[in-house]
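**Q** After the structure tokens below, expect a handful of questions from me.
The values are calculated or read from the model by the stated rules, or taken from the named source; none is laboratory data. Bear in mind that the values here come from a model prediction, so they are computed numbers and not experimental data. A quick note on method: Cβ atoms are made from the backbone with ideal geometry, for glycine too, and the neighbour counts reach across all protein chains shown. Areas reflect the complete protein model, heavy atoms only, side chains present, ligands, DNA and RNA absent. Shrake-Rupley method; radii C 1.70, N 1.55, O 1.52, S 1.80 Å.
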Amino acid sequence: DGGITQSPKYLFRKEGQNVTLSCEQNLNHDAMYWYRQDPGQGLRLIYYSQIVNDFQKGDIAEGYSVSREKKESFPLTVTSAQKNPTAFYLCASSSTLSSYEQYFGPGTRLTVT
Amino acid sequence: KNEVEQSPQNLTAQEGEFITINCSYSVGISALHWLQQHPGGGIVSLFMLSSGKKKHGRLIATINIQEKHSSLHITASHPRDSAVYICAVRRYGGSQGNLIFGKGTKLSVKP
């Protein structure tokens, strides 16, 4: 079945450690996105990628980094510079950057203590 | 003021009730999305609207571009409809980086 997978579903880390969240899609989509969701807030865009080897900062990119070496993969690294990393992280993809339909992964809940 | 406002924030209904969730926005848009987020966190796209009305099963979505307002209706609600419903707009002329999300409406349908 085509879709987006994120792993793991729950992730725990100690403060000061970098952590990488996985996102894989087999929809053959060019565009991919990372969002952060906090309680009582709307989703906020961290980074997005229009195509392989290209990515752009979203609204809250500070403390995060991404790579897009393969079309199907868009990993997100939460660095120790991110002041409040505990959140729910959602990955999404769309056929192209201008496509209206976005498909979301199941999300990863990151807890940093 | 948020560019996308949803109301109510929380909604509790009895099974079978007709439900309305509202979304107002303050920017020019090319499209509006209604999304459903289940307790586990996964998000499913319900509708994408640029004008008029769409229906899928018991769900109906409407949009009034002049009034910058959209509604999501659920007829004959069922406990399995319990979820967070999110309105998102795509800013007119923008890239996908300009998708703006509301805070969501948490719906709980009691049997």
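**Q** Can you give the accessible area of B:Trp34 in Å² (nearest 10), computed on protein heavy atoms with a 1.4 Å probe?
**A** Result for B:Trp34: roughly 0 Å² accessible.
**Q** Ok, one more. Report, ordered by chain and residue number, the lysines lying within cross-link reach of A:Lys9, taken as a straight Cα distance under 23 Å and ignoring same-chain residues fewer than 8 apart.
**A** A:Lys70, A:Lys71, A:Lys83, B:Lys103, B:Lys106
**Q** Something else: Quick one: which residues, 5 or more positions from A:Arg68 or on another chain, have an amide H under 5 Å from its amide H? H modelled 1.01 Å from N in the peptide plane, none for Pro or chain starts.
**A** A:Asn53
**Q** Pop out the carbon and sulfur fraction of the accessible area of the protein assembly as shown as a percent, whole number, probe 1.4 Å.
**A** Ligands and nucleic acids excluded, carbon and sulfur give 48 percent.
**Q** Please list, in chain and number order, the residues 5+ apart from A:Tyr47 or on another chain whose amide H is under 5 Å from its amide H, with Hs placed from the backbone.
**A** Under 5 Å from the amide H of A:Tyr47 lie the amide H atoms of A:Trp34, A:Gly58, each far enough along the sequence or on another chain.
**Q** Sticking with this structure for a sec: Rounded to the nearest 20 Debye, what is the dipole magnitude of the protein assembly as shown about its Cα centre when Lys and Arg each give +1 and Asp and Glu each give -1 at the C-beta?
**A** Once rounded to the nearest 20, the dipole reads 260 debye.
**Q** Hey, what's the protein assembly as shown come to in accessible area per residue, 1.4 Å probe, Å²?
**A** 48 Å²
**Q** Select from B:Phe47, A:Ile51, B:Thr12 the residue farthest towards the positive end of the dipole of the protein assembly as shown; place +1 on Cβ of Lys and Arg, -1 on Cβ of Asp and Glu, and compute about the Cα centre.
**A** B:Thr12
**Q** At the nearest 100 Å², what buried accessible area, both sides summed, do you get for B and A when the probe is 1.4 Å?
**A** So the total buried area for this chain pair works out to about 1600 Å².
**Q** Another question about this same structure. Amide H neighbours of B:Ser82 under 5 Å, counting only residues 5+ apart in sequence or on other chains, H built in-plane at 1.01 Å?
**A** Under 5 Å from the amide H of B:Ser82: B:Val109.
**Q** Next question, about the same structure. Compute the accessible area of each residue in segment A:21-58 twice, once for its chain alone and once with every protein chain present, using a 1.4 Å probe on heavy atoms, and list those whose area falls by at least 50 Å².
**A** Buried-area filter returns A:Leu43.
**Q** Over chain A, what relative contact order in percent results from Cα pairs under 8 Å that are six or more residues apart?
**A** 35 percent
**Q** In addition: Quote the charge dipole size of chain A about the Cα centre in Debye, to the nearest 20; the model charges only the Cβ of Lys and Arg (+1) and of Asp and Glu (-1).
**A** 380 debye
**Q** Summing +1 for each Lys or Arg and -1 for each Asp or Glu, what net charge is found among the other residues whose Cβ lies under 13 Å from the Cβ of B:His78?
**A** Result for the local shell: 0.
**Q** Which value, in debye to the nearest 20, gives the size of the charge dipole of chain B about its Cα centre, when Lys and Arg are +1 and Asp and Glu are -1 at the Cβ?
**A** 160 debye
**Q** Could you pull the accessible area for A:Phe88 with a 1.4 Å probe, rounded to 10 Å²?
**A** 10 Å²
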